[in-house]
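The values are calculated or read from the model by the stated rules, or taken from the named source; none is laboratory data. Please read all numbers here as calculations on a predicted model, not as lab measurements. Please note: Cβ atoms are built from the backbone with ideal geometry, for glycine as well, and neighbour counts cover all protein chains shown.
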Amino acid sequence: MVDLPVPGYRPAVIAAPKGAGKPPWPVIVILHGNYDRPEWECEWWLGARRLGWLVCPRGVRRPGVSRRLDRWTYTGSAHAKREVHAALDVLKRRYVGLIKEEEAILIGFSLGGIIGPRVMRGSRLRFTRAVFVEGGAGVSRTEIRNLAKGGLRRVAYLCGQYSSCGPKARRAVRRWKRRGVPARLWIMPGVGHNYNADFEPLARKVLIWLQRTSPEKDQQ
């Protein structure tokens, strides 16, 4: 992972594709939570490099927190979307011909999941898949309809075993499925509003599922 200077914004964190096939490669936008850091969120999802570029926008400093704690947040979906586009511009200038705007993926944790649907809506990037971790379950039927029309093909939810996320995510999964978008929920054992320590095997399963193209029949 390395910093990417973004004019007008704080540096994003990026990781180059690894084992992703021939370029150009798609972009995986990873939005962190409130009181969080982009480095942390990027690190949880380093395995996604086999699908494309990881781009983790920093956002703004978390108000009311000492700078030495190095904690960040987002001020809303519109600002986050502009920051994503600015980082994309820098990335495309630096790595000419190696980035494509189609087949993008959004991964959002907590606040990142909450604003994720609105960040995807109207973005230059054509998002086809999304992962919402401990957030994003409040997506409305209108947002689902618009995102499905825009090409979103598959949605995953991840919830901690001891958080309140699970029941809400199950209802969201049903809403996506009613619109014809395959959706699935995974429960992370032994944690609340967080990732479980042994997350890599589950991340791998989720990423494999996201890549499927056949109709999804399993229920969870």
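Points worth noting:
- Hits in segment 37-63 - residues which are part of a helix (DSSP H, G or I) and either under 15 Å from Phe199 (Cβ atoms) or out of contact with any Gly (no Cβ under 6 Å at 6 or more places or on another chain) (or both): Pro38, Glu39, Trp40, Glu41, Cys42, Glu43, Trp44, Leu46, Gly47, Ala48, Arg49
- Options Ala86, Ala80, Ala104: the member that is over 15 Å from the mean Cα position of the chain (by Cα) and at pLDDT 95 or above: Ala86
- Of the residues screened, Val13 is not one that is closer than 14 Å to Gly112 by Cβ, assigned to a helix (DSSP H, G or I) and without any contact (Cβ under 8 Å) to a residue 60 or more places away in the chain.
- Test result for Trp209, modelled with pLDDT of 95 or more, among the hydrophobic types (A, V, I, L, M, F, W, C), at negative phi and surrounded by fewer than 20 Cβ atoms within 10 Å (Cβ to Cβ): yes
- Residue among Glu103, Glu143, Glu134 that is surrounded by 21 or more Cβ atoms within 10 Å (Cβ to Cβ) and among the acidic types (Asp, Glu): Glu134
- In segment 196-214, the residues that are over 15 Å from Glu103 (Cα atoms) reach residues that are part of a helix (DSSP H, G or I) with C-beta atoms within less than 8 angstrom, at least six apart or across chains, in these pairs: Asn196/Leu202; Phe199/Trp44; Glu200/Gly47; Ala203/Trp44; Ala203/Gly47; Ala203/Ala48; Arg204/Gly47.
- Looking only at segment 116-131, and only at residues there that are crowded, with 22+ Cβ neighbours inside 10 Å and assigned to a helix (DSSP H, G or I), the one that is nearest to the chain's Cα centre (by Cα): Gly116
- Selection count, segment 175-189, where residues are loosely packed, with under 12 Cβ neighbours inside 10 Å and either touching a strand residue (DSSP E or B) at 6+ places or on another chain (Cβ under 8 Å) or hydrophobic (A, V, I, L, M, F, W, C) (or both): 0
- Among the residues of segment 176-183, at least one is part of a strand (DSSP E or B), within 18 Å of the chain's Cα centre (by Cα) and closer than 18 Å to Ile144 by Cβ.
- Residue in segment 137-155 that is closer than 24 Å to Arg50 by Cβ and polar (S, T, N, Q) present: no
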